[in-house]
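The values are calculated or read from the model by the stated rules, or taken from the named source; none is laboratory data. All figures in this text were calculated on a predicted structure; none of them were measured in a lab. FYI the Cβ positions are ideal-geometry reconstructions off the backbone, even for glycines, and counts take in every protein chain you see. To get the accessible areas, we keep the full protein, side chains included, count just its heavy atoms, and leave off ligands, DNA and RNA. Shrake-Rupley method; radii C 1.70, N 1.55, O 1.52, S 1.80 Å.
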Amino acid sequence: KPASTLLLADRGGLIFNPPLGYHEDVAELDFVSMYPTIMVERNVSPETVNCRCCRNERVPELNYTICEKRLGVIPATLRAVVERRSHYKRLKKLNKGKNETEFRKYDHRQNALKWMLVSCFGYLGYKNARFGKIEAHEAVNAFSRDAILRAKEVAERAGFRMLHAIIDCVWLKKTGATEHDYEELATEIGKRAGIDISLEGIYRWILFPASKQDPVITTANRYVGWYRHGDIKIRGIESRRRDVPQFIKTMQQAMLDHMAAAQNVAEVQAMLPELLTIARNHIAVLRSGKANPMELVLRRHISKEPDEYENNSISAVVSKMVKAMGVPLAPGEMIEFIILDQSGRKKPEKAKPLALYAFEDGYDIEQY
Ligand SMILES: [Zn+2]
């Protein structure tokens, strides 16, 4: 393949960097079963992409051909699953707010099928899989980027601004737009893109925080916002990350819970003193040395055998201690530990595995 094709094909889904900070009245629209729908509707399958019998350059940007003479094994198999999932989603919606048991039942069913579909897409890009073919995987991504760009076109023509998009979600804004306006827009986008898209909700406010590396740049997968219908949506920030100690999560969650009452950005700003108080109270507990060490436990996957570590990193120190206890550890396994002295100056052990930890060991206040 020429380098230009590789570069295009390798981009995965289309990713934007959202505008930094708080935004009001932003709606989120999600394409329904985007990847599986593409596979089914566009006949994407290992044996149909770049078949030897047709020439049509149907795949956007990449100009790969898709067979017109035969239905691929993947689309043939997935169609029933995609249709069944949208059937459950319809039933789920019908029962929303009316019958909680039925609502939950159909939600679980559609969710089970969702993961089945997600793994089908994953396997398409896995070259050792029986039905894997990298060009088919690339074709699905190219169609998905095309759908997002079509959504952008339709939205902008109707006076909406697209703030952000990742893979199968778009965030749109238009001052004064109602739920009905977004529903109409969704119908229009669905027609143009050939994939159904539904209004997930309108945010009272949404925050796209700065990246840790650069205070003026956002990252695509981190945001938090409260919907008008009362739910919060959190992605990628500390309270959702597995590598963050519970203490920090609890603090952030307390602040977010407090922010639930804010109807708009001005009200979030007015809350700043109270939010800082919540943070200061948590920090005071941490500084006093009285934080519950069980809430300071960190978890990390080790990348090597304990003996292979040549440095004196936390992972090295902890995994060697675990091994000395007689517990065999292999790369990929998880260690749990509490940091005692990250600098290694005050205490001989930088950190202790949870199993060996005693309350009098304390914790590294500065590090936490
Ligand atoms: Zn063909």
Qualifying positions in segment 242-287 - open to solvent by less than 80 Å² (accessible area, probe 1.4 Å) and among the charged types (D, E, K, R)
243, 249, 267
Would segment 44-60 turn up any residue that is closer than 24 Å to residue 166 by Cα, assigned to a helix (DSSP H, G or I) and either touching a helix residue (DSSP H, G or I) at 6+ places or on another chain (Cβ under 7 Å) or at pLDDT 95 or above (or both)?
no
Test: residue in segment 167-174 that is open to solvent by 40 Å² or more (accessible area, probe 1.4 Å) and touching a strand residue (DSSP E or B) at 6+ places or on another chain (Cβ under 6 Å):
yes
Being within 16 Å of the ligand (Cβ to nearest atom) and under 25 Å from residue 187 (Cβ atoms): is that true of residue 36 here?
no
Here are 206, 232: which of them is touching a residue at least 24 places away in the same chain (Cβ under 8 Å), open to solvent by 10 Å² or more (accessible area, probe 1.4 Å) and of a type outside the set (Phe, Trp, Tyr)?
232
Within segment 193-297, which helices (runs of 4 or more DSSP H) (wholly inside it) include 1 or more residues that are under 18 Å from the mean Cα position of the chain (by Cα)?
246-259
Among (1) open to solvent by less than 40 Å² (accessible area, probe 1.4 Å); (2) in the same structural domain as residue 318 (by TED's automatic domain parsing); (3) touching a Lys or Arg at 6+ places or on another chain (Cβ under 9 Å), there is one condition residue 298 misses while meeting the rest; what is its number?
(3)
Can you name the number of the only condition in (1) under 20 Å from residue 16 (Cα atoms); (2) in contact (Cβ under 8 Å) with a residue 40 or more places away in the chain that residue 211 fails?
(2)
Considering every residue within segment 121-130, establish whether at least one is in contact (Cβ under 8 Å) with a residue 12 or more places away in the chain, away from the ligand (no atom under 16 Å from the Cβ) and surrounded by fewer than 20 Cβ atoms within 10 Å (Cβ to Cβ).
yes
Take the residues of segment 84-103 that are open to solvent by 100 Å² or more (accessible area, probe 1.4 Å) and assigned to a helix (DSSP H, G or I): which is nearest to the ligand (Cβ to nearest atom)?
84
Which residues, taken from segment 86-106, are under 17 Å from residue 116 (Cβ atoms) and polar (S, T, N, Q)?
86
Here is a list: 59, 73. Which entry is surrounded by fewer than 17 Cβ atoms within 10 Å (Cβ to Cβ), within 16 Å of the ligand (Cβ to nearest atom) and farther than 30 Å from residue 177 by Cα?
73
Filtering segment 45-56 for residues that are within 31 Å of the chain's Cα centre (by Cα) and either without any contact (Cβ under 8 Å) to a residue 24 or more places away in the chain or near the ligand (Cβ under 8 Å from one of its atoms) (or both) leaves a count of 1
The number of residues in segment 298-312 that are under 30 Å from the mean Cα position of the chain (by Cα), closer than 14 Å to residue 331 by Cβ and not basic (Lys, Arg) is 3
